[in-house]
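> Handing you a structure now.
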Amino acid sequence: MVIAAPASGGGKTTVATGLMAALAARGRRVSGHKVGPDYIDPGYHALATGRPPRNLDPVLCGEDRVASLFRHGAAGADLAVIEGVMGLFDGASEPRHFEGPGDLASTAHVAHLLSAPVILVVDAARTSRSVAALVHGFRSFDSRVRVAGVILNRVGSDRHEELLRAALDDVGIEVLGALRRQPDVENPSRHLGLIPAAERASAARKAVDALGALVAGSCDLDAIAAIAGSAGPLAGEPWDPGAEITEAPPPRPVTVAVAGGPAFTFGYTEQAELLRAGGAEVVSFDPLHDEELPRGTHGLIVGGGFPEMHAAELSANGALRASVADLASRGGPVAAECAGLLYLARHLDGAPMCGVLPAEARMTERLTLGYRAAVAVRDSVLARSGSRVHGHEFHRTATTPAHGPDPAWQWKTDSAEGFASATLNASYLHLHWAGTPAIATRFLGSVREFACENDT
């Protein structure tokens, strides 16, 4: 089932995460998924379900892979909860750059691709009978999407709930639950949304448990599970990371180090699955605390996150910064996205970083957000010159300069960005490797080459 809402801020994450936790507490094997490029909400889904986080994005991965990636991610589960993005019919922020309908990559688009019923979460804080008109409009707007029921959020009182239920009963919409206003279970936010679960592990665990208890006490879980069971069949086979790697496994073990910990929480599960399918050992490390890269590192991935919130601690770990710079200087393959770009710069808000890139990084007031249809400007560790990818940007930082003499990517005549070389790719562009698996094959090829040249 898909958990959607008329607009952002209506309670999708509260309800979706709470449903996952409540159903898991009943012994159900629940798979959690998020529509779009969001990294933060899936972290809470993983706490609720005990399974790896999963994203479903028709722009980053293509329409044809959505169902197969869903089947792969939901393997072994008996129920899947898919949290939507923005409003139900809100699509890609820059549709003029992509072919397809106006609701491309919307929650409705993914629900249609998966033949999945939709449960609409409605913020009822300042409405009563008008809720029926709102829900009736969403139910009838697109015949491809089946709105199977409603969960009311931020209900004020018993009388308020009675009015809402009566209005929705008049238009034949089933009310599956009503959540009262509970500020004590809200998760804290900052400049890019919720604070990632990995940055507040104990508090996040308690919050997820509280959401599960709230939903279990406010919603008809049996009726909701029955709606999930009414989803249509899916054609095709589950996505197979092993089938995407076009080169044979390496003759000797290779190790890819992936930055993690509280400062680097953004990443897609399928990236590590592709690397492992290609024969690599994937080892996580924490740049806040580990003083050197994992033993035998042959390649390095530094994904997204919030290094700006941990700049002092990252800078204080000079031993690890030197280890990263040494690997890069010796030609070790390095791929960095957004937060990784900042960490590889000379300084971040004045704090010394790794110095791999000839750039200064800083926080700004400007939010940069949107999908990008990008082209590789030169050969790099991730792509050949001229290769096309779909990526996503989401940050409030900037680097000076914005790119090197050989930029990594370009998507408009005046939008070159990032730094690239035969062994490096560092930019603000977030990529979903399952959408362009040739990236994994190329990166692994560089890792194997470096291992052969440096291991004795």
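The values are calculated or read from the model by the stated rules, or taken from the named source; none is laboratory data. A quick note: this is a predicted structure, and the numbers were derived from the prediction, not measured. As a convention, Cβ positions derive from the backbone with ideal geometry for all residues, glycine included, and neighbour counts pool all protein chains shown. Note: accessible area is taken over every heavy atom of the protein model, side chains too, but ligands, DNA and RNA are not part of it. Shrake-Rupley method; radii C 1.70, N 1.55, O 1.52, S 1.80 Å.
> When you go through Thr246, Thr255 one by one, which is the residue that is under 30 Å from Thr423 (Cβ atoms), modelled with pLDDT of 95 or more and not hydrophobic (A, V, I, L, M, F, W, C)?
After ruling out the rest, the residue left standing is Thr255.
> Out of (1) under 24 Å from Glu244 (Cα atoms); (2) touching a residue at least 12 places away in the same chain (Cβ under 8 Å); (3) out of contact with any Asp or Glu (no Cβ under 7 Å at 6 or more places or on another chain); (4) of a type outside the set (Asp, Glu), the odd one out for Gly418 is which?
The single condition Gly418 does not satisfy is (1).
> Also, quick follow-up: Among Leu341, Leu357, which is hydrophobic (A, V, I, L, M, F, W, C), open to solvent by less than 10 Å² (accessible area, probe 1.4 Å) and either part of a loop (DSSP other than H, G, I, E, B) or in contact with a helix residue (DSSP H, G or I) (Cβ under 6 Å, 6 or more places away or on another chain) (or both)? Talk me through it step by step, then tell me what you get.
Details: Leu341 fails: either part of a loop (DSSP other than H, G, I, E, B) or in contact with a helix residue (DSSP H, G or I) (Cβ under 6 Å, 6 or more places away or on another chain) (or both).
After applying the criteria, what remains is Leu357.
> Hey, can you tell me all the residues within the stretch 13-40 that are in contact with a strand residue (DSSP E or B) (Cβ under 6 Å, 6 or more places away or on another chain), at pLDDT 95 or above and assigned to a helix (DSSP H, G or I)?
Val15, Ala16, Leu19, Met20, Leu23, Ala24
> For Ser415, are the conditions met, namely being open to solvent by 40 Å² or more (accessible area, probe 1.4 Å) and over 23 Å from the mean Cα position of the chain (by Cα)?
On the way: open to solvent by 40 Å² or more (accessible area, probe 1.4 Å): no; over 23 Å from the mean Cα position of the chain (by Cα): yes.
Spelling it out, it is not the case that Ser415 is open to solvent by 40 Å² or more (accessible area, probe 1.4 Å) and over 23 Å from the mean Cα position of the chain (by Cα).
> Of all residues in the stretch 1-25, how many are in contact with a helix residue (DSSP H, G or I) (Cβ under 7 Å, 6 or more places away or on another chain) and either free of Cβ contacts under 8 Å to residues at least 12 places away in the same chain or not hydrophobic (A, V, I, L, M, F, W, C) (or both)?
Restricting attention to the stretch 1-25, the residues satisfying the condition of being in contact with a helix residue (DSSP H, G or I) (Cβ under 7 Å, 6 or more places away or on another chain) are 1-6, 13-15, 17-25.
Restricting the remaining residues to those that are either free of Cβ contacts under 8 Å to residues at least 12 places away in the same chain or not hydrophobic (A, V, I, L, M, F, W, C) (or both) gives 6, 13-14, 17-18.
Result for the stretch 1-25: 5.
> With the requirement that a residue be farther than 20 Å from Asp78 by Cβ, buried (at least 23 other Cβ atoms within 10 Å of the Cβ) and not hydrophobic (A, V, I, L, M, F, W, C), what does the stretch 11-35 give you?
Lys12, Thr13, Thr14
> Those residues that are within 22 Å of the chain's Cα centre (by Cα), surrounded by 22 or more Cβ atoms within 10 Å (Cβ to Cβ) and assigned to a helix (DSSP H, G or I), I need them from the stretch 418-451; list them, please.
Ile439, Ala440, Phe443
> May I ask you to say which residue of Arg396, Arg388, Arg372, Arg384 is at pLDDT 95 or above, more than 29 Å from Gly296 (Cα to Cα), open to solvent by 20 Å² or more (accessible area, probe 1.4 Å) and charged (D, E, K, R)?
Only one candidate qualifies: Arg388.
> Does any residue of the stretch 245-265 turn out to be under 30 Å from Leu79 (Cα atoms), of a type in the set (Asp, Glu) and touching a helix residue (DSSP H, G or I) at 6+ places or on another chain (Cβ under 9 Å)?
no
> Which one of the conditions (1) open to solvent by less than 70 Å² (accessible area, probe 1.4 Å); (2) modelled with pLDDT of 95 or more; (3) assigned to a helix (DSSP H, G or I) does Asp222 fail to meet, given that it meets all the rest?
Looking at each condition in turn, Asp222 falls short on (1).
> Show the residue pairs that are 6+ apart or on different chains and have beta-carbon atoms under 9 Å apart, the first residue being within the stretch 126-146 and touching a residue at least 24 places away in the same chain (Cβ under 8 Å), the second being of a type in the set (Asp, Glu) and surrounded by fewer than 17 Cβ atoms within 10 Å (Cβ to Cβ).
Arg129/Asp170; Ala132/Asp169; Ala132/Asp170
> Among the numbered conditions (1) in contact with an Asp or Glu (Cβ under 9 Å, 6 or more places away or on another chain); (2) touching a residue at least 24 places away in the same chain (Cβ under 8 Å), tell me where Gly404 comes up short.
In the conditions (1) in contact with an Asp or Glu (Cβ under 9 Å, 6 or more places away or on another chain); (2) touching a residue at least 24 places away in the same chain (Cβ under 8 Å), Gly404 misses (1) alone.
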